[in-house]
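Written out below as structure tokens is the structure these notes cover.
The values are calculated or read from the model by the stated rules, or taken from the named source; none is laboratory data. These figures come from a predicted structure and were not determined experimentally. Note that we place each Cβ from the backbone using ideal geometry, even for glycine, and neighbour counts take in every protein chain shown. Surface areas here come from the heavy atoms of the whole protein model, side chains and all, with no ligands, DNA or RNA. Shrake-Rupley method; radii C 1.70, N 1.55, O 1.52, S 1.80 Å.
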Amino acid sequence: MYGKIAALGVVAGLSLALGAAPALAEESFGSPELIAAAKAEGKLVLYTANYAEVEQDVIKEFNKRFPEIKVEMIRAPGGQLITRVRTEAAAGKLIADIVDHSDRALMLPMADLFQDYAPPNAADYDPASLVSPKFWPRATVVWSIAYNTELEKNPPKSWMDLCKPEYGPKKIGQVIAPSGGTTWTRIMFERQVLGEDYWAKQAATHPILYPSGAPMSDALVRGEIGMGPLLYNAVYPKQKEGAPVKMVFPPEGVPANPYATGIPKTAVHPNAAKLYLNWCLSKEGQTFMIREQGNLTSLKVSPVYPEGFDPKIVKVWYPNFDQYVKLHGAWVADWDKTYGYRQ
């Protein structure tokens, strides 16, 4: 009799523990009060410069944890997104609950529009990835060399390989320097790490220029180009879908670009916004974006690494933010002249 009662007690205790597990996990994304308030708001509006397909996958994963909260995404290229935020804010009509941008230098002058915010695991983030306590690196993207496996049987293995005459003309793609903050990070890396003459050597292969990574990655899959520098997360989803592409992390180092993401003071759904960012910046959210999308992370200790990334070999390069701001105009102009690009 007592044995049966004890057994029933164990089963009941186990059931309670299992039932409590999701609730305990949810609490790591914020207090019970925040979660309840976020669920009561029921939605949030996200402005992002990220790839729409990539962000939709993040939203779907978030909704597995919090199905009660609808995320309405508005995606725009970097410059257009900044203009929209400024224009709406000036008119008192900014509807975004979160603004997510790849160029920290463009976000910083607007810091006064954003409220104070920090995720529960704020201390776990590398201070080098932060330019303001109001902006957090929800996503951290990294550059790689991508190539079409059907076209390139002797693929490049380093950044310097992209200067080889055998890979020209018009076999290499290049995203133009003025395209945004992520590309500017790579441009800085090339000149500061690979040498001041790198652009001239690479431009001598007569690459095809693209306005952004999306059309270039599509061109790579179609075989219109054979290779080129691309953000890993722009190509990784295509590889997972079976496209004939592979990516390498060159030994000279890989430029990484942390995003700047914040919550406007005018947010109508501030609790839902905080919960969404808390989840994205959590170990769970960062692991998803690394494993499923090919991102890196600005966490001091990475939970996982993207496929093909060996932290013992690959050196991550972050730009000096002061130089990132000060050098931009002159160096982009030099790049345009070297590559024969006219804006």
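Here are the numbers:
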{"quantity": "Two-site label geometry, E150 and S28: point separation in nm, points 7 Å out along Cα→Cβ", "calculated": "4.2 nm"}
{"quantity": "DSSP-assigned coil residues among trypsin sites (Lys or Arg not before Pro) in segment 294-343, each with at most 13 further Cβ atoms within 10 Å", "calculated": "K300, K312, K315, R342"}
{"quantity": "Which of T261, T87, T287 is most accessible, then next, and so on - probe 1.4 Å", "calculated": "T87, T287, T261"}
{"quantity": "Residue among Y324, Y47, Y147 with the largest mean-square fluctuation in a Gaussian network model of the chain, springs linking Cα atoms under 10 Å", "calculated": "Y324"}
{"quantity": "Point-to-point label distance, D57-K164, nm (Cα→Cβ direction, 7 Å offset)", "calculated": "3.0 nm"}
{"quantity": "Tilt relative to the chain, helix 32-41 - C-alpha long axis, 0 to 90 degrees, to 10", "calculated": "70 degrees"}
{"quantity": "Apportionment of accessible area to carbon and sulfur, the chain, percent (1.4 Å)", "calculated": "57 percent"}
{"quantity": "Most mobile of N257, N154, N271 in a GNM of the chain (Cα contacts under 10 Å)", "calculated": "N154"}
{"quantity": "For the chain: relative contact order, % (alpha-carbon pairs under 8 angstrom, 6 or more apart)", "calculated": "25 percent"}
{"quantity": "On Cα atoms only, tilt of 52-65 relative to the major axis of the chain in degrees", "calculated": "20 degrees"}
{"quantity": "Simple spin-label estimate for D336 and I313 in nanometres, 7 Å along Cα-Cβ", "calculated": "3.9 nm"}
{"quantity": "Segment 154-302, accessible area per residue, ligands and nucleic acids excluded (1.4 Å, Å²)", "calculated": "34 Å²"}
{"quantity": "Span per principal axis, largest first, for the Cα atoms of the chain (Å)", "calculated": "84, 54, 32"}
{"quantity": "Loop-resident sites, segment 47-153, for trypsin sites (Lys or Arg not before Pro), counting at most 11 other Cβ within 10 Å (DSSP)", "calculated": "K93, K153"}
{"quantity": "Helix 328-339 vs. the chain, principal-axis angle (Cα, 0 to 90°, nearest 10)", "calculated": "50 degrees"}
{"quantity": "Flagged links, alpha-carbon separation over 19 Å, of K70/K134; K157/K246; K39/K134", "calculated": "K70/K134; K39/K134"}
{"quantity": "Gain in span if fully extended, A123 to Q80, counting 0.36 nm per residue against the direct Cα distance", "calculated": "12.2 nm"}
{"quantity": "Helix-only [θ]222 nm of the chain, DSSP H runs n ≥ 4, -39500 (n - 2.57) each, per residue, nearest 500", "calculated": "-12500 deg cm²/dmol"}
{"quantity": "Choice from S132, S282, S144 showing the highest fluctuation, given a GNM over the chain with Cα pairs closer than 10 Å", "calculated": "S132"}
{"quantity": "DSSP-defined antiparallel bridges as percent of all bridges, the chain, nearest 5", "calculated": "55 percent"}
{"quantity": "Nearest-20 debye value, the chain charge dipole, Cβ charges on Lys, Arg, Asp, Glu", "calculated": "180 debye"}
{"quantity": "Accessible-area value, E61, 1.4 Å probe, nucleic acids and ligands omitted, Å²", "calculated": "50 Å²"}
{"quantity": "Accessible-area order (highest first, 1.4 angstrom probe) of the listed residues C280, C163", "calculated": "C163, C280"}
